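We did not get these values from a lab; they are worked out from the coordinates using the rules stated. Bear in mind the structure is a predicted one, so any value in this text is a computation, not a measurement. Using ideal geometry, Cβ is built from the backbone for each residue, glycine included, and neighbour counts are taken over all protein chains shown.
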Amino acid sequence: NPLAANKQSAKSTTESAELTTAQASYQASKEIARNKKKTEKIEAEIESVEATIDELKARHSEIIDHRGVGFMQGLEFNKTVGDIINKALDKGLVLINAGTNVIRIMPPLVIGKEHVDEMIQILESCL
């Protein structure tokens, strides 16, 4: 019976579409949860970077300000920073100046605590 076959085919197509929609919703939910975990991890790393830089500032009077957003952080010095940047580069740490007396720090999103500690150790050795 062609009519019965068409009804069965339509039912099968509808069930398949519902299953596909359910699968897509499930995958989207998983992706949202995964992204939330990544965001929480990045936010924790940003807080760690900021706290570590604040500690560095507290130990060195030549650092007069610390400011920044996210992983882009800046240290303002009471002197020019060219020599500090060059010394850091010689030790494998890439720093960027922002004017003559500000060092801009822009670590990658995948930075870990051990890398932050190494970065600060190198920077501090150049002060």
Taking the Cα atoms of the chain, report the difference between the largest and smallest coordinate on each principal axis, in whole Å and largest first.
90, 23, 22
Under the classification rounded if a/c is under 1.5, otherwise prolate if a/b is larger than b/c and oblate if not, where does segment 53-105 fall, given a ≥ b ≥ c as square roots of the Cα gyration tensor eigenvalues?
rounded
Length gained when the stretch Lys41-Glu118 is fully extended (0.36 nm per residue, less Cα-Cα span):
25.8 nm
Set the bar at 31 Å for Cα to Cα. Now go through Lys41/Lys79; Lys87/Lys113; Lys36/Lys91; Lys57/Lys91; Lys79/Lys113 and name every pair that lies beyond it.
Lys41/Lys79; Lys36/Lys91
MRE, 222 nm, helices only [DSSP H, n ≥ 4, -39500 (n - 2.57), over the chain, to nearest 500]
-23000 deg cm²/dmol
Please report the net charge: other residues with Cβ closer than 12 Å to the Cβ of Arg104, K and R +1, D and E -1.
0
